[in-house]
Structure formats: C-alpha cells, structure tokens
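Here is the structure we will look at, set down as structure tokens.
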Amino acid sequence: MSWLSLIFGEKKATASVAKERLQLIIAHERACASGPDFLPELQKDLVAVISKYFPVNPDDIKVGLEKQGNYEVLEVNIVLPEGR
Amino acid sequence: MTTIITVTSGKGGVGKTTTSASIASGLALRGFKTAVIDFDVGLRNLDLIMGCERRVVYDFVNVIQGDANLHQALIKDKHCDNLFVLPASQTRDKDALTEEGVEKVLKELEHQGFDYIVCDSPAGIEHGAVMALTFADEAIVVTNPEVSSVRDSDRILGIIQSKSRRAIEGREPVKEHLLVTRYSPKRAHEGEMLTYTDIQELLRIPLLGVIPESEAVLQASNQGIPAIHQKGTPVADAYQDAIGRFLGEEHPLRFVEYEKPGLIKRLFGGK
Ligand SMILES: Nc1ncnc2c1ncn2[C@@H]1O[C@H](COP(=O)(O)OP(=O)(O)O)[C@@H](O)[C@H]1O
Ligand SMILES: [Mg+2]
C-alpha cells in the first residue's frame, strides 16, 4: 500500500481474488456433482467381475475419484485375500 | 396456461422475499392474474413484506391438509386487484409440505386461471427449498456479489437441474434467470466487489437484471409495501426492467455504472 492510499484510506481490490477462488471451487463442485453418482455402480460391477476369478470381500474393493492438479484420477484399490 | 416461477438462492438473506414480492406485484401491475406463495414454513415473512400480515387466517399448510380451501386462504393484495398471497404456516414444520400437497394446490391455482404463480423459496437446499423448485417452469436465482452467495447459487442450479419435475421427466429444462441484487456500482467499480459480469461468467445463466443496494428497500419493508411500488427509485425501476425482460422485452441495464460525484456534490453532499 502506498502512503497515498494510507492517507486516503484506499481499500484493497479483492474482487479479482474472489472471482479466481470461485472459478476453482465451482468447477470442482460441478465435477463432483456429476461424478460420484456412478461410483457405487462401478464398485459393484468390479466386485462382480473380480469374484469370478477369486473370492474377494466386497469391502476390500475401494473406488474413488480424486483431483490431482488438472487431472481427475480414478483410483481403484483391491486388497487380495490373505493366504494366496 | 399457468407459469410457475420459483425465486431461489440457496443462501439466506440475499433478497428472495423482497424479489418475490416485487416480481409478483410487477406481473400483476402488467395485468396478469398472479399468486405469490410463501414456502418458508415456520419463518413466514412474505405476509409482512406484502403488508397483509393482519389478514392471515389460513395458510398454505391448512390448504394442503384440507383444513381450509384455497379460496379461504388466499389473501387479496391491497395494491393490485389481480394479485393474491398464500402465506406460509408459522407453526408447522417443513415436512408438512408434501409433494402431492404442493402439486394439488398448484393445480388448483391453475384451474382458477392464474397466469403466474411465484414461489418464494426458503434458504438452504433442504426439503422446503426443494419443494419450492420441484414444479418450476422458470427459476429466478437471486445472487449477491459475494463469494458464498455465488457458490450457493451454483449449488441450487445443480439441484434445479436434477430434482425439478421438468428434469426428472426429461421435459424441456427449467428456464433459469440470474438476478443480481444488493449491487453497489461504486464498490464493484473500485474492485472491492464482484461485478455483475463476473457473476454471470461464473454461473453461466442469462442475466435478468441487477437490483442496486438501496435504503428504499428497508423503507418499503417497514411499511409493508413491495419495493416495486416505491415509484422513481432505482430499485423500483430495476425491478420493472427485470419484469419487462422476463416478458421478452429489451431494456438496457440501468444503475450498474458508477458515476463519480461532481465537485459540488462532494462538497455539499446529497444523494
Ligand atoms: N436491493 C436491496 N437493497 C438493500 N437491502 C435489501 C435489498 N434487497 C433486500 N434487502 C434487505 O436484505 C434483507 C434480506 O432480504 P429478504 O428479501 O428477506 O431475503 P431472503 O428472502 O433471501 O432471506 C432484508 O433486510 C431486506 O430489506
Ligand atoms: Mg425470505
């Protein structure tokens, strides 16, 4: 802040910060709103397919969508039963 | 044919009730038979803004539950012959608004030949707000130039696009309109506040109007007269313009540019 703006009490132009933050969060929330709907279905299908080859506990298959930078990453975690 | 307009926002205190009262009054002034319904069960306020609080006998929930008929519950407006107010219940809880009940009342208004039904939504994204938008043909999304309001408007747009009857039945989608309210051209000009173009860029829906921040709104609510009747004030003119645009007319935006006060004004004050 310059001494002039100190004297005249100029306020900071923060609207551009607000806009940038909103752009990010709205894009993210829109993606989420259209995303997770299919995840439970996908999880069920994966359980069905994998159990054709070996027994799995449905809870041991985890599916998630994650944002990393500019990419969406579909993460699938399958824990194989012990003693194989 | 009846058109159902839902005034919604997600966030509370942004100007939904003020807007519902003025839009409904404005449509009635244009000659349309109009009803305005308060969906804010438990926190009724539209009656105060419309200035009919002392004439409330029966309410929306009474009609839904069959304790009164629609004719008994509708309150005729003081200023417009063809405008009627259906107040919310102050005592029941939100679950009293059943989907079948709301549909029944809306159908009956349709049979009575109403041109427009304006639904004043409660804040939030819960049952009451969803009921208010379920049967919408058009939605006016009221947004303030402020981060939480913009984000909540985006959320409510998502809900309109997934939970409205039009969406569920795969009909033509609800027509969405952005109404920016409590706008301060000066603060937007100085970069302190989001501009209406910023908001429109973020939400990506057509702009119906920009209503300036004004003390006329408080004066109107003090007296129980919808702000659109405050003739000659920027707020009333801005609401009139918005109604014109809603009906398909073209009106340039007013009261959105900041004009620096001249030296005389700065020295001697004045508004
Ligand atoms: N254009 C405006 N200028 C100044 N104050 C306003 C304006 N619009 C609404 N208000 C005020 O904001 C507050 C909330 O308005 P209200 O219409 O009750 O919002 P909501 O129904 O969204 O909760 C009220 O005190 C009202 O007088
Ligand atoms: Mg309200």
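The values are calculated or read from the model by the stated rules, or taken from the named source; none is laboratory data. Model, not experiment: these values are computed from the prediction. We place every Cβ from the backbone using ideal geometry, glycine too, and count neighbours over all the protein chains shown.
Here are the numbers for this structure:
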{"item": "Filter result for residue A:62 (of a type outside the set (Val, Ile, Thr) and either under 27 Å from residue A:24 (Cα atoms) or surrounded by 12 or more Cβ atoms within 10 Å (Cβ to Cβ) (or both))", "result": "yes"}
{"item": "Given (1) at pLDDT 90 or above; (2) within 12 Å of another protein chain (Cβ to nearest Cβ); (3) within 22 Å of the chain's Cα centre (by Cα), index of the condition residue A:46 fails", "result": "(2)"}
{"item": "Residue within the stretch B:132-142 that is over 30 Å from residue B:81 (Cα atoms) and in contact (Cβ under 8 Å) with a residue 40 or more places away in the chain present", "result": "no"}
{"item": "Condition check for residue B:92: within 14 Å of ligand 2 (Cβ to nearest atom) and outside any strand (DSSP E or B)", "result": "no"}
{"item": "Total residues in the stretch B:1-30, condition assigned to a helix (DSSP H, G or I), within 15 Å of ligand 2 (Cβ to nearest atom) and touching a helix residue (DSSP H, G or I) at 6+ places or on another chain (Cβ under 9 Å)", "result": "8"}
{"item": "Subset tally (residues that are within 12 Å of ligand 1 (Cβ to nearest atom) and closer than 15 Å to residue B:152 by Cβ) for the stretch B:113-127", "result": "4"}
{"item": "Any hit, the stretch B:156-166, residues being small (Gly, Ala, Ser), buried (at least 16 other Cβ atoms within 10 Å of the Cβ), away from ligand 1 (no atom under 16 Å from the Cβ) and closer than 26 Å to residue B:94 by Cβ", "result": "yes"}
{"item": "Within the stretch B:136-255, helices (runs of 4 or more DSSP H) holding 2 or more residues that are within 16 Å of ligand 2 (Cβ to nearest atom) and either under 20 Å from residue B:14 (Cβ atoms) or within 14 Å of another protein chain (Cβ to nearest Cβ) (or both)", "result": "B:147-163, B:216-223"}
{"item": "Residue in the stretch B:210-220 that is hydroxyl-bearing (Ser, Thr, Tyr), modelled with pLDDT of 95 or more and either crowded, with 23+ Cβ neighbours inside 10 Å or away from ligand 1 (no atom under 16 Å from the Cβ) (or both) present", "result": "no"}
{"item": "Residues that are away from ligand 2 (no atom under 16 Å from the Cβ) and surrounded by 19 or more Cβ atoms within 10 Å (Cβ to Cβ), drawn from the stretch B:107-124", "result": "B:109, B:114, B:116, B:117"}
{"item": "Hits in the stretch B:38-57 (condition: over 26 Å from residue B:150 (Cβ atoms), within 15 Å of ligand 1 (Cβ to nearest atom) and among the β-branched types (Val, Ile, Thr))", "result": "B:41"}
{"item": "Condition met for residue B:57 (on the phi < 0 side of the Ramachandran plot and part of a loop (DSSP other than H, G, I, E, B))", "result": "yes"}
{"item": "Test for residue B:125: is it among the hydrophobic types (A, V, I, L, M, F, W, C), in contact with a Leu (Cβ under 7 Å, 6 or more places away or on another chain) and more than 26 Å from residue B:67 (Cβ to Cβ)", "result": "no"}
{"item": "Breaking point among (1) touching a residue at least 12 places away in the same chain (Cβ under 8 Å); (2) out of contact with any Phe, Trp or Tyr (no Cβ under 8 Å at 6 or more places or on another chain), for residue B:172", "result": "(1)"}
{"item": "Number of positions in the stretch B:9-36 that are more than 8 Å from ligand 1 (Cβ to nearest atom) and within 19 Å of residue B:156 (Cα to Cα)", "result": "1"}
{"item": "Residues of the stretch B:31-50 satisfying the condition of being within 9 Å of ligand 2 (Cβ to nearest atom) and assigned to a helix (DSSP H, G or I)", "result": "B:46, B:49"}
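Every residue, every condition in (1) of a type in the set (Gly, Ala, Ser); (2) within 14 Å of ligand 1 (Cβ to nearest atom); (3) surrounded by fewer than 21 Cβ atoms within 10 Å (Cβ to Cβ), yes or no:
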{"site": "B:168", "(1), (2), (3)": "no, no, yes"}
{"site": "B:191", "(1), (2), (3)": "yes, no, yes"}
{"site": "B:194", "(1), (2), (3)": "no, no, no"}
{"site": "B:204", "(1), (2), (3)": "no, no, yes"}
{"site": "B:207", "(1), (2), (3)": "no, no, yes"}
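Yes or no, residue by residue, for (1) among the polar types (S, T, N, Q); (2) at pLDDT 95 or above; (3) within 19 Å of the chain's Cα centre (by Cα):
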| position | (1), (2), (3) |
| --- | --- |
| B:86 | no, yes, yes |
| B:94 | no, no, no |
| B:100 | no, yes, no |
| B:104 | no, yes, no |
| B:107 | no, yes, no |
| B:114 | no, yes, yes |
| B:119 | no, yes, yes |
| B:129 | no, yes, yes |
